[in-house]
Amino acid sequence: MDSLFDKEVYGKVVERIGLLNNDSQALWGTMNVAQMMDHCILPLQQSLGNIELKQKSTFLWRFFKKSLYNDKLWKTNLPTAPEFKITDAKSFEESKTKLLAVLKEYHLSGETYNWRPHIRFGHFTGEQMGKMGFKHLDHHLRQFSV
């Protein structure tokens, strides 16, 4: 599984984000491209400790924890935690700029950073955080054909 902490992988993700435009259409789901980028920003910020979200019970969710960082692609139209749902209008350019900035901060933090626990799944190792960050972004970039 690729990791956002790998310089080459990070560069490719940045390139893919650069291919998005305001007219990019989703292959599945209800979010437009700006909403998708804002959705991707939230878990990155939460993991970095830039925003605080209330922790939820993690017991049942632990059965799905390994699926967050393994090599198997996620299915389309998976449910999203309410805290990460974006339904209001967003500016494409502002969302893109913010996503790239938060993504850079995440990448530079690396595996040894003091990562915050996920609101549903609890603690992850630094290696798992790199893989999980990549997998989530890859899922949504594929959603928009990039």
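The values are calculated or read from the model by the stated rules, or taken from the named source; none is laboratory data. Here the structure is a predicted model, which is why all the values come from computation and not from measurement. Glycine also receives a Cβ, built like all others from the backbone with ideal geometry; neighbour counts cover every protein chain displayed.
Numbers below:
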item: Output for the stretch 113-146, where each listed residue is surrounded by 14 or more Cβ atoms within 10 Å (Cβ to Cβ), out of contact with any Gly (no Cβ under 7 Å at 6 or more places or on another chain), modelled with pLDDT under 95 and in a loop (DSSP other than H, G, I, E, B); result: I119, R120, F121, F124
item: Index of the failed condition, A89 passing every other in (1) within 17 Å of V13 (Cα to Cα); (2) of a type in the set (A, V, I, L, M, F, W, C); (3) more than 15 Å from the chain's Cα centre (by Cα); result: (1)
item: Filter result for D71 (modelled with pLDDT of 90 or more, part of a loop (DSSP other than H, G, I, E, B) and over 21 Å from I119 (Cβ atoms)); result: no
item: Conditions (1) touching an Asp or Glu at 6+ places or on another chain (Cβ under 7 Å); (2) aliphatic (A, V, I, L, M); (3) not in a loop (DSSP other than H, G, I, E, B); number of the one not met by I86; result: (3)
item: Residue satisfying all of: in the stretch 90-112; in contact (Cβ under 8 Å) with a residue 24 or more places away in the chain and outside any helix (DSSP H, G or I); surrounded by the most Cβ atoms within 10 Å (Cβ to Cβ) among these; result: K90
item: Criterion violated by K96 - all others in (1) under 14 Å from Q143 (Cβ atoms); (2) out of contact with any Asp or Glu (no Cβ under 6 Å at 6 or more places or on another chain) satisfied; result: (1)
item: Among (1) out of contact with any Lys or Arg (no Cβ under 9 Å at 6 or more places or on another chain); (2) surrounded by fewer than 16 Cβ atoms within 10 Å (Cβ to Cβ); (3) within 19 Å of G49 (Cβ to Cβ) - the single one A81 does not satisfy; result: (1)
item: Qualifying residue in the stretch 17-25 (condition: out of contact with any Pro (no Cβ under 8 Å at 6 or more places or on another chain) and modelled with pLDDT under 95); result: no
item: Tally, over the stretch 82-98, of residues that are under 25 Å from G122 (Cβ atoms), in contact with a Leu (Cβ under 9 Å, 6 or more places away or on another chain) and not acidic (D, E); result: 2
item: Matching entry among K90, K98 (being of a type in the set (D, E, K, R) and under 15 Å from A26 (Cβ atoms)); result: K90
